[in-house]
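Trainee: Below you will find the structure I want to go over with you.
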Amino acid sequence: MQINISDIWSDATKEMHKSFFYDIVSRGFPNQNPLMSFLLFGYGELLATSRPDTLRKVVQNIENTKVAFPKAIRHEFHEACKKLFDYDRFAQKSTASWNAYKLCMTSKHTMCPYCQQSLAVTIYRDKKNKALRPTLDHFYPKHKYPYLALSLYNLVPSCHPCNSSLKSTANFYEKEHLHPYEDTEAIQYSLDLEAYIKHRELGLSTPLPKVTISKLAKAHPLYEKAQRSMQTFVTEDRLAISEAELTRFVDALIIYSPEKLNEINSSVFSKTAWLLTPDIALSFNRSNYKNEWLGAIKRDLYDLGWRI
């Protein structure tokens, strides 16, 4: 996970999803399966828009309760959940008042939170027109926990490579990873800027110093999650792929120091209403880094750069 997107859904979105979800839950009553009755009566109102910490408690309670029932009852429960919490239907383009496209249109973020190398944008007008949206990753997999298939905070707008190629059916409940809706941005980046500047000034033929992933102390509470996340989403390999783009950014960062910006503005733009800002000079908005390509990496480099 590169960025935390816990603010992605507005109150209006949550109300729309809750209304949609409650209508689905109401269709489940009455139910002869004792596990389904236990789920609907005990957790029907919690599943819609509860945060990840509550969803984990639901999973723990449901999974612990299941073991006391015969295999046939558990299987019946699983199939009933798949039918009731029908994600495939939700994911279709349709004229329904609420679906995956309409949900994704309300997202406050436009980049995949797992990599920040791919867009997670939505274009949708109606069922008849072409449309696109990010895939919705089930952070806790729906094949294992079908009762979470439509839970808002179990749906993470993400890119296809991260969701399908890298994460696939991995069970993040059993092997915890950084959660985009919950955890802080523990994966951070660094660069020896002094060595980088010296290398540029001397025109050395040796390779430029590279951006690296900062080492997280093993005592850090998110250490294990961060290690798994970097492994699952091949963070180091993807950092290497972005080397050329990051080199251009670092060069611009060094050239456009605050002092040089002031000098340019006073000498070139002093008689105009326009100023050269860091955002323009660097093609990067620090305050909106979550919606910038490689924004988390550039944020860390930016913060380093303005200290030199």
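The values are calculated or read from the model by the stated rules, or taken from the named source; none is laboratory data. Note that the structure is a prediction, hence the values are computed from the model and not measured. Heads up, the Cβs are rebuilt from the backbone with ideal geometry, glycines too, and the neighbour counts pull from every protein chain shown. The protein model used for the area step is the full one, side chains on, heavy atoms only, and it has no ligands, DNA or RNA in it. Shrake-Rupley method; radii C 1.70, N 1.55, O 1.52, S 1.80 Å.
Trainee: Just need a number here: residues in region 116-135 that are closer than 17 Å to residue 232 by Cα and not in a loop (DSSP other than H, G, I, E, B). Break it down stepwise before answering.
Mentor: Of all residues in region 116-135, those closer than 17 Å to residue 232 by Cα come to 116-118.
If we keep only those that are not in a loop (DSSP other than H, G, I, E, B) too, we end up with none.
Residues in region 116-135 being closer than 17 Å to residue 232 by Cα and not in a loop (DSSP other than H, G, I, E, B): 0 in total.
Trainee: Inside region 75-104, can you point out the residues that are open to solvent by 80 Å² or more (accessible area, probe 1.4 Å), touching a residue at least 24 places away in the same chain (Cβ under 8 Å) and either in a helix (DSSP H, G or I) or of a type in the set (A, V, I, L, M) (or both)? If you could, list the steps in order and put the result at the bottom.
Mentor: Filtering region 75-104 for residues open to solvent by 80 Å² or more (accessible area, probe 1.4 Å) gives 75-76, 82-83, 88-89, 92, 95, 97.
Checking the rest, the ones that are also touching a residue at least 24 places away in the same chain (Cβ under 8 Å) come to 76, 82, 95, 97.
The answer is 76, 82.
Trainee: Find the residue count for region 1-58, including only residues that are basic (Lys, Arg) and part of a loop (DSSP other than H, G, I, E, B).
Mentor: Number of matching residues: 1.
Trainee: Let me ask something additional. Hey, among the residues in region 1-32 that are of a type in the set (S, T, N, Q) and at pLDDT 95 or above, which one's farthest from the chain's Cα centre (by Cα)? Before you say what the answer is, go through the steps one by one.
Mentor: Of the residues in region 1-32, the ones of a type in the set (S, T, N, Q) are 2, 4, 6, 10, 13, 19, 26, 31-32.
Now restrict to residues that are at pLDDT 95 or above: 2, 4, 6, 10, 13, 19.
Details: 2: 7, 4: 6, 6: 9, 10: 16, 13: 17, 19: 24 Å.
Restricting to residues being of a type in the set (S, T, N, Q) and at pLDDT 95 or above, the top hit is 19.
Trainee: Could I ask something else about it? I'd like the full set of residues that are surrounded by fewer than 19 Cβ atoms within 10 Å (Cβ to Cβ), in a loop (DSSP other than H, G, I, E, B) and without any contact (Cβ under 8 Å) to a residue 60 or more places away in the chain, limited to region 276-294.
Mentor: Scanning region 276-294 gives 276, 277, 283, 285.
Residue-wise test of (1) of a type in the set (Lys, Arg); (2) at pLDDT below 95.
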position: 202; (1), (2): no, yes
position: 206; (1), (2): no, yes
position: 225; (1), (2): yes, no
position: 243; (1), (2): no, no
position: 253; (1), (2): no, yes
position: 264; (1), (2): no, yes
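Trainee: Across region 137-158, what is the number of residues that are under 21 Å from residue 183 (Cα atoms), out of contact with any Phe, Trp or Tyr (no Cβ under 6 Å at 6 or more places or on another chain) and open to solvent by less than 10 Å² (accessible area, probe 1.4 Å)?
Mentor: 6
Trainee: Of all residues in region 167-222 being out of contact with any Leu (no Cβ under 7 Å at 6 or more places or on another chain) and among the acidic types (Asp, Glu), which is least open to solvent (accessible area, probe 1.4 Å)?
Mentor: 185
Trainee: Now for a different question. Consider residue 113 against the criteria (1) open to solvent by 40 Å² or more (accessible area, probe 1.4 Å); (2) outside any helix (DSSP H, G or I): it satisfies all of them except one. Which criterion is unmet?
Mentor: (1)
Trainee: Would you say residue 253 is surrounded by 13 or more Cβ atoms within 10 Å (Cβ to Cβ) and under 19 Å from residue 198 (Cα atoms)?
Mentor: On the way: surrounded by 13 or more Cβ atoms within 10 Å (Cβ to Cβ): yes; under 19 Å from residue 198 (Cα atoms): yes.
The answer is yes for residue 253.
Trainee: Which residues, counting only those in region 30-62, are open to solvent by less than 70 Å² (accessible area, probe 1.4 Å) and without any contact (Cβ under 8 Å) to a residue 12 or more places away in the chain?
Mentor: Result: 37, 54.
Trainee: For region 223-245, does any single residue satisfy the condition of being assigned to a helix (DSSP H, G or I), open to solvent by less than 40 Å² (accessible area, probe 1.4 Å) and farther than 30 Å from residue 166 by Cβ?
Mentor: The answer is no, given that none of the residues of region 223-245 is assigned to a helix (DSSP H, G or I), open to solvent by less than 40 Å² (accessible area, probe 1.4 Å) and farther than 30 Å from residue 166 by Cβ.
Trainee: Same structure, new question: Looking only at region 256-275, count every residue that is open to solvent by less than 40 Å² (accessible area, probe 1.4 Å) and of a type in the set (S, T, N, Q) and tell me the total.
Mentor: Number of matching residues: 2.
Trainee: Output the residues belonging to region 127-168 that are at pLDDT below 95 and in contact with a Lys or Arg (Cβ under 8 Å, 6 or more places away or on another chain).
Mentor: 127, 131
Trainee: Which pairs do you get when a residue that is without any contact (Cβ under 8 Å) to a residue 24 or more places away in the chain, found in region 173-199, comes within reach of a residue that is surrounded by 14 or more Cβ atoms within 10 Å (Cβ to Cβ) and outside any helix (DSSP H, G or I), reach meaning Cβ atoms under 7 angstrom, with the pair 6+ apart or on two chains?
Mentor: From residues that are without any contact (Cβ under 8 Å) to a residue 24 or more places away in the chain, the pairs are 192/209; 195/209; 199/208; 199/209.
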